[in-house]
Each structure stands twice: as C-alpha cells, then as structure tokens.
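S.K.: So that we are looking at the same thing, I have put the structure below in structure tokens.
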Amino acid sequence: MKRFLISSFITAWVAALMVPGIALAQEKFPSKPINLIIPYAAGGSTDLLARAVGKVWPKYSPQSLVMINKTGGGGVTGTEFVVRSKPDGYTLFMGYGSGSDIVMPHLQKMPYDPYKDILAICRLSVHSVVVVTGSKSEFNSVKDMVAWAKKEGKPITSSVSTAAGAVDIALRGLGKAAGINIVTVPSAGGADAVTMLAGGHVMIGGGHPSEVMPHIKAGRFKALGVALPDRDPSLPNVPTLREQGINVATWGSVKGIGGPAAITKATLEYLQATFKKVCEDTEFKKIMMDLDQPIMYQDSATFAKFLQQAYGDYGKLIKDLDIKL
C-alpha cells in the first residue's frame, strides 16, 4: 500500500510539472514556417502582394512565410484547401475578400461558407479595377468603346482574371449599364489576363493597377476608366466609369488574410499583430508604392465587418444589373 501511495504521488508530481511545459509549448507560435496559399497565378496583384509581405515578414517573426500558388476555380481551389486544413495557424491564404468571397457566392453554390468557415485575420489592401486597351486601339475612353460597339453592333471581348471575380463583375456591369455586349474571357489570374490582352487576343482587359501599370508606363496599354466611386490615387488622370456616364462602381478586389475558422484567439492575435507591423514597415511601404498598391490595414474584427458590407454591396450591384453566370 505504501509503495502504491509513493508511486501515485510521483506520478501526480510529474504530471503537475508537465502541465506548465505543455502550456508553454502551445504558446510558442510559430514554431515552424507558415504556409501562405495564393489562390491565383504567379505575377498577379495577389501574388505580388503576398511576396512583398513575405520579404518583410522575417523582420517581425522567427519563422518565414512559404508562398504556395494553388490556382483553379476562380480562387476557390486554394481557398477550400485552407478551409479544410488544420486550424493551427500554419496554413493561411492571401486574397480573402477577392471575387471568390464577396462576388461568387451571389452567383453560384460554394463548397464552403466564405464567412462561417473562414476567419478574417486582417485586411492589407484594396485593389481597384482598371479598364485598359492596347495602345493601337481606336478607343481612347470608355465613351469611345461604347460608341463603337453600338455603331458596329459587335461584342467587345475582354480578358479578366477569373470568372465571377471582381474584375469580371466590373466588366459585366459596364456592359450591362452601357447597353453593349461585353464578352469576358476568364484566365488563371491577373497576370494571364494581362498577357492575353498584350497578345492581341481580346479588345480590352480589366486588371488591378499593379498588373496593368507596367504596360501603361511602357506605352503598351491605354487606361480607359476606373471602376471606383472616386479616382484611384495611382491613376489620378484616369476618369471613373461614373465620370464617363456609366453608373457602375465597385470595391475592386479586397486583399486580406484568411484562415480556418477554428484558429485560436492567441494565434489570431499574433498573426494580426505581425501583419500590422509589416504594414507599418518603411521597406514594405516603399515596395507597395512601387507596386501601385495602397496599404489599407484593418484588424480582424473591423475586417470582418467590412467584408459583410462589401458582400452586401456586390449583391445589390449583381441584382440591379441582373448579372448571371
């Protein structure tokens, strides 16, 4: 009996010593690299933003961000991969708030709930939709394009990053509001859409400033209009669609960080705080300026509310314009 009591005491004592160790180990996040899934092709605005973050991230975290492009389904494939992953904070995705989250659910059934199954970690940026055409095009404005389409009675072909994405909806909305036929041609991402236009395969294209600005500066593209309520600071001389008589304005494409919904509070706090430090970093600000991408950080709670507002606004636009896939 005495031997049993001694053994039990030792077991309890060892267990008591182990509990703080376990708790301490659990608090040491991150203890390994974090995978950042990019649901779109390399070279697009989401990919460029992710890699800008990855460059500065090591200043503020002992572990690196590993970039993984996982394309397909207009951003759904990569996002679903994250939704189904272990909610330990080591698998996140860049681009929460893009078309697959605030646009596509209005048009088709999703394999996950974009708001119940995904945790809004933080917002980093918002990218406007710019309508562009080739430098040799006869269109010098959206008005020119609309006039041509009505006179010729022919469709306008346009490259877009993904089906039912923010760019796709902006172009569809433009066509609907102007009373012309704009046929959008989806691709694997923003970079591919730009390549399609540069190759002369379509008449116009839509993209975010970081995707189209290099071509505009090089004289390969002309900017026709911006689908924002107000002019984009990176393109101050380009009028909005509304300024040209087309009553269409969108949020563009929101670029936030998302993860599985069950991520712990402590891990969430670490992640949003670290991303905030990145956004405040001088080097990161310079990179973002060079990319023509604005820094628009929001913490988790504020970002979650913003997503609901953006989702509702896109839903109203889609309904008003009677846009269907």
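The values are calculated or read from the model by the stated rules, or taken from the named source; none is laboratory data. Note that the coordinates shown come from a computational prediction; the quantities given were computed from them, not determined experimentally. Don't worry about glycine lacking a Cβ; one is built from the backbone with ideal geometry, like all the others, and counts go over all protein chains shown. Ligands, DNA and RNA are excluded from the accessible area calculation, which covers all protein heavy atoms including side chains. Shrake-Rupley method; radii C 1.70, N 1.55, O 1.52, S 1.80 Å.
S.K.: Computed on alpha carbon atoms, what radius of gyration and Dmax characterise the range 84-213, expressed in Å?
M.R.: Calculated on Cα positions, Rg and Dmax stand at 16.8, 58 Å.
S.K.: I would also like to ask the following. Kirkwood hydrodynamic radius for the chain: how many Å is it when counted over pairs of different Cα atoms? Don't jump to the answer; show the numbers that get you there.
M.R.: On the way: mean 1/r = 0.0478 Å⁻¹.
Final number for the Kirkwood radius of the chain is 20.9 Å.
S.K.: Is the range 249-325 best put as rounded, prolate or oblate by its Cα gyration tensor, with a ≥ b ≥ c the root eigenvalues, rounded for a/c under 1.5, and otherwise prolate when a/b is larger than b/c, oblate when not? Intermediate values should be presented prior to the final figure.
M.R.: Details: a/c = 3.13, a/b = 1.42, b/c = 2.21.
Here the range 249-325 falls in the oblate category.
S.K.: Shifting gears a bit: Excluding ligands and nucleic acids, what accessible area in Å² is computed for residue 146 using a 1.4 Å probe, to the nearest 10?
M.R.: Surface accessible to solvent at residue 146 totals approximately 20 Å².
S.K.: If you don't mind, there's one more thing I want to ask. Using alpha carbon coordinates only, what is the Rg to Rh ratio of the range 192-278, with Rh defined as the Kirkwood radius? Spell out each step's value before the answer.
M.R.: Values: Rg = 17.9 Å, Rh = 15.8 Å.
Rounded to two decimals, Rg over Rh is 1.13.
S.K.: Suppose every Lys and Arg Cβ carries +1 and every Asp and Glu Cβ carries -1, with no other charges. What dipole size does the chain come out with about its Cα centre, to the nearest 20 debye?
M.R.: Details: 35 positive and 26 negative charges, 95 e Å.
For the chain, the charge dipole is close to 460 debye.
S.K.: Can you give the angle from 0 to 90° between the axis of helix 265-280 and the longest principal axis of the chain, with both taken from C-alpha atoms, to the nearest 10?
M.R.: Rounded to the nearest ten degrees, it is 50.
S.K.: Nothing charged except the Cβ atoms of Lys and Arg (+1) and of Asp and Glu (-1): what's the magnitude of the dipole of the range 72-206 about its Cα centre? Round to the nearest 20 debye. It would help to have the intermediate numbers written out before the result.
M.R.: On the way: 12 positive and 10 negative charges, 68 e Å.
About 320 debye.
S.K.: So, one more: Under the rule a/c < 1.5 gives rounded, and otherwise a/b versus b/c splits prolate from oblate, where does the range 47-144 land using the Cα gyration tensor?
M.R.: Verdict is oblate for the range 47-144.
S.K.: Next question, about the same structure. Using Cα-Cα distances under 8 Å and only pairs 6 or more residues apart, what relative contact order does the chain have, in percent?
M.R.: Value for the chain: 25 percent.
S.K.: Let me ask something else. Given labels modelled 7 Å from the Cα in the Cβ direction, how far is it in nm from residue 147 to residue 60?
M.R.: Calculated label separation equals 4.9 nm.
S.K.: Count charges around residue 80 for me, please; just the other residues with Cβ under 15 Å from its Cβ, Lys/Arg as +1, Asp/Glu as -1. Can you show the working numbers first?
M.R.: Details: positive: 70, 84, 86, 109, 116; negative: 101, 113, 117.
It works out to a net charge of +2.
S.K.: So how do 208, 201, 106 rank on accessible area, 1.4 Å probe, biggest first, that is with the largest at the start? Walk me through the numbers before you get to the answer.
M.R.: Values: 208 10, 201 135, 106 65 Å².
So the residues, ranked largest to smallest area, are 201, 106, 208.
S.K.: Also, I was wondering about something else. Near residue 237, within a Cβ-to-Cβ distance under 14 Å, what is the net charge of the other residues, with Lys and Arg +1 and Asp and Glu -1?
M.R.: Numbers: positive: 217, 222, 231; negative: 230, 232, 243, 292.
For residues surrounding residue 237, the net value is -1.
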